[in-house]
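A short write-up of the structure that comes next.
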Amino acid sequence: MGEKQVMETTEAQIAVHWQEEDYYYPSSKFIGQANLTDPDIYDRFSLDNFPDCFTEYAELLTWYKYWDEVLDTSDAPCFKWFRGGQINASYNCIDRHLKKNKNKTAIHFVPELEEERVDHITYQELYVRVNEFAALLRDFAGLKRGDRVTIHMPMSAELPITMLACARLGVIHSVVFGGFSASACADRIVDSNSRVLISMDAYYRAGNLLNHKVNADEAVAIAAKDGQVVDKVLVWQRYPGKASSDTPMVDGRDYFVNDVVKKYYGARVEPEKMLSEDPLFLMYTSGTTGKPKGAQHSTGGYLAYVTAMSKYIQDIHPKDVYWCMADIGWITGHSFIVYGPLALCASTVIYEGVPTYPDAGRSWRIAQDLDVNIFHTAPTAIRALRKIGPDEPAKYTYHFKHMTTVGEPIEPEVWKWYESAVGKGEAIIVDTWWQTETGGFLCSTVPALKPMKPGSAGPGVPGIHPIILDDNGDEVTQPGIAGNICIQNPWPGQMQTIWGDRQRFVDTYFARYCKNPESKDWRDWPYVAGDAATRSQDGYYRILGRIDDVINVSGHRLGTKEIESAALVVQEVAEAAVVPVAHEIKGKEPDLYIALKPGVEATDEIAKKISDAICEQIGKIAKPRKVWLVPDMPKTRSGKIMRRVLGAISNKGDVGNVMTLANPEVVETIKNMVDKS
Ligand code: WTA
């Protein structure tokens, strides 16, 4: 426990601290049109009405059969929501809208090349394409209910089509962020036992056409070494004959979807009647140990929860054009580009590329051209856009009624620019705190009911009851004092388990405060989020950051252990330690300390080799700010690396008392090295 606890203090110390802010109130215009204006919602969702209150969320969906039980706790903490209910996610996101809205745009796809057409896919067209691809997956790829499939694709309309085709068949999709390396993709193929990989030929990013199919080849080769055979690689073609033409297709294994799908034109696939508790997808995320874990999300509970969050917190109506800038390869994209908005029959925008290319006005041009009125992004993008083009939004004619921020704490200064410059003083903002594991929002303001407070996420959303606990499990009741934020009750969007590792699920999220591991009572299983937070007098929560070994880089979650393991693959490396460093745009960046094996000379080449190894194994997002080749790691007498000390050095903070270390003298050497550079 010793080292962990110290780690927590450092995180809290280097977290951004800011003053309590004033409230901002929603306009009467916003309130007049809002989906949720009934203040009784909080009473209806009090713990006294738990778990039945959540049927209100489930009723937003169309079920083949209603549930036998709202919450089944018999296998706690693997909770089953709406047990016995039958439902299909693809049906709820597409078919049920056709009668009234088949000609409405479901997806606007904006390619990076501005000379290429924006694709406006209607619900009818989405229905046709999802059915055809589902027929291909079933009849050509041989996939059936319960199988897993890995999808490694860039942002494109074909990505949600692929996901919804899987959902139609009851195939569990595991989408890997397109920017992850082949090796990261292979890990996920192996863990989920996928025998089919779905990829894409190429995509544009910041002016470059990147060959993506090459990752599929490498991933399949690496997975094979780890014992997982991929027998089919299905490759969507965005740019036939361009980047992919130099990527040979492997005979009998690789197929261009665009060719094969012709056989299935006009095919219709009856949606599978899935049980509410059947898994819909896996989303791998970083944690305290090296290996990313597959958060398993259910069909009925997850879909009910994200639909409710999209409706009540994001205030999505069918007539809205909604743009969430995240990548579909992260949970935000799953819940709030694909499933939530489509279940509500909104038009959802997907774009290729980056917000800052070809110029700082791109985002606002897209908003203007597509008449976007709900906008969703992360602090890292807001900081970047503010830095490169603070006056750009004013040059474009668009009107946002609502904006979301997600992924990391937002500094009040940045919040205020978002509100005034991007939102033009017209839009309300919700700061949504949640996680891959939670499916949907945990803390946020209900926009028409609660005022906004820059820098604070807000109270628990209706049905979520947060509590701050200290290390002994006692509630921290004093406002402003930090502790571990937990959720007292289960909720339908909560992950079901870690794929194939129930014990790790229990240990990671519940063991810390569960007093009775045999208990079947949900009250005994508070969910431990892994973030430090404070609560203020008004019941608003301010999230300070992770208390575990996770670094949030540009809103992307990376495990320090994952990066360290990647560094240790380089044979010259003896020890590796990663610490987060504050960064103006990205929020945090990993700083990497390396002790080389005896006799190995510290050179720039070796540092580069280590940095390259990390990019190769995880992806460029994990690239360290700097690789510090140090003579030795600062260690406790029991031999533990003192990451707290390294963190203080990287962040130019106070290293504190180091005299109890086994090798205090090395601290000064490292400090000199870092300070000088
Ligand atoms: C952080 C992203 C402050 C937090 C949806 C959490 C936030 C981790 C916020 C989950 C927010 C997310 N304010 N911090 N509004 N939203 N976080 O799994 O540390 O990629 O634990 O899910 O991001 O990251 P994940």
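The values are calculated or read from the model by the stated rules, or taken from the named source; none is laboratory data. Since we're looking at a predicted model, the values are computed, not measured. Positions of Cβ are generated from backbone atoms using ideal geometry, with glycine treated the same way; all protein chains shown enter the neighbour counts. Ligands, DNA and RNA are excluded from the accessible area calculation, which covers all protein heavy atoms including side chains. Shrake-Rupley method; radii C 1.70, N 1.55, O 1.52, S 1.80 Å.
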query: Between GLN478 and ARG512, what is the spin-label point distance in nm, taking each point 7 Å from the Cα along the Cα→C-beta axis?
result: 2.0
message: If R₀ is 51 angstrom, what is the calculated FRET efficiency for the pair ASP538 and ASN672, using the beta carbon separation as r and rounding to 0.05?
response: 0.65
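If contacts are Cα pairs under 8 angstrom and at least 6 residues apart, what is the relative contact order of region 116-200 in percent?
So the answer I get is 35 percent.
Hey, can you find the accessible area per residue of the chain for me, probe 1.4 Å, expressed in square angstrom?
Here the per-residue accessible area is 37 Å².
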field: Cα gyration tensor category, rounded, prolate or oblate, for region 266-370 with a/c compared to 1.5
entry: oblate
- line: From the cross-link list LYS387/LYS416; LYS416/LYS652; LYS561/LYS623; LYS401/LYS424; LYS586/LYS676, the entries with a Cα-Cα span beyond 18 Å are LYS416/LYS652; LYS586/LYS676
message: With the cut-off at 1.5 for a/c, could you classify region 393-480 from its C-alpha gyration tensor as rounded, prolate or oblate?
response: prolate
field: Amide H contacts of GLY483 (H built 1.01 Å from N, under 5 Å, at least 5 apart or other chain)
entry: ALA533
- request: In whole angstrom, note down how far apart the Cα centers of region 613-627 and region 134-199 are.
  value: 25
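I'd like to compare 279-285, 369-375: which one has the highest average count of other Cβ atoms within 10 Å, and what's the full order after that?
Ranking, from highest mean packing down: 279-285, 369-375.
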- prompt: So for the chain: antiparallel DSSP bridges make up what percent, rounded to the nearest 5?
  reply: 60
- request: Give the long-range amide H neighbours of HIS583: residues separated by 5 or more places, or on another chain, with amide H under 5 Å away, using H modelled in the peptide plane at 1.01 Å from N.
  value: LYS588, GLU589
query: Taking a ≥ b ≥ c as the square roots of the eigenvalues of the Cα gyration tensor of the chain, is the shape rounded (a/c under 1.5), prolate (a/b larger than b/c) or oblate?
result: rounded
- prompt: Which percentage, to the nearest 5, of the DSSP beta bridges contained in region 156-299 is antiparallel?
  reply: 50
- request: Divide by every residue of the chain the summed helix terms, -39500 (n - 2.57) for each DSSP H run of at least 4, and state the resulting mean residue ellipticity at 222 nm, rounded to the nearest 500 deg cm²/dmol.
  value: -7500 deg cm²/dmol
message: Given an 8 Å cut-off on Cα distances and at least 6 residues of separation, report the relative contact order of region 554-676 as a percent.
response: 22
- request: Using the Karplus curve 6.51 cos²θ - 1.76 cosθ + 1.60 with θ = phi - 60°, work out ³J(HN,Hα) for each residue of region 371-383 in order, rounded to whole Hz, and write x for Gly and Pro.
  value: 6, 5, 10, 10, 10, 9, 8, 10, x, 4, 5, 4, 4
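So between ASP359 and LYS620, what do we pick up on full extension, going 0.36 nm a residue minus the alpha carbon distance?
Taking ASP359 through LYS620 to full extension adds about 91.8 nm, to one decimal.
What does the charge count near GLU125 come to, summing +1 for each Lys or Arg and -1 for each Asp or Glu among other residues with Cβ under 15 Å from its Cβ?
+1
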message: Taking the alpha-carbon distance from LYS80 and a cut-off under 12 Å, which aspartates and glutamates remain once sequence neighbours fewer than 8 residues away in the same chain are dropped?
response: ASP68, GLU69, ASP72, GLU277, ASP278
message: At a threshold of 8 angstrom on Cα-Cα distance, excluding pairs fewer than six apart, so keeping six or more, what relative contact order does the chain reach in percent?
response: 14
query: Whose amide H sits under 5 Å from the amide H of LYS635, counting only residues 5 or more places off or on another chain, with H placed in the peptide plane?
result: MET642, ALA662, ASN663
message: Could you work out what % of the accessible surface of region 554-676 is carbon and sulfur, using a 1.4 angstrom probe and leaving DNA, RNA and ligands out of the count?
response: 52
- prompt: Karplus couplings for region 139-154 from phi (6.51 cos²θ - 1.76 cosθ + 1.60, θ = phi - 60°), rounded to Hz, Gly and Pro as x?
  reply: 8, 9, 8, x, 8, 9, 2, x, 5, 9, 9, 9, 10, 10, 9, x
field: Integer Hz, Karplus 6.51/-1.76/1.60 couplings in order for region 480-492, x for Gly and Pro
entry: x, 9, 7, x, 8, 7, 10, 10, 6, 10, x, 8, x
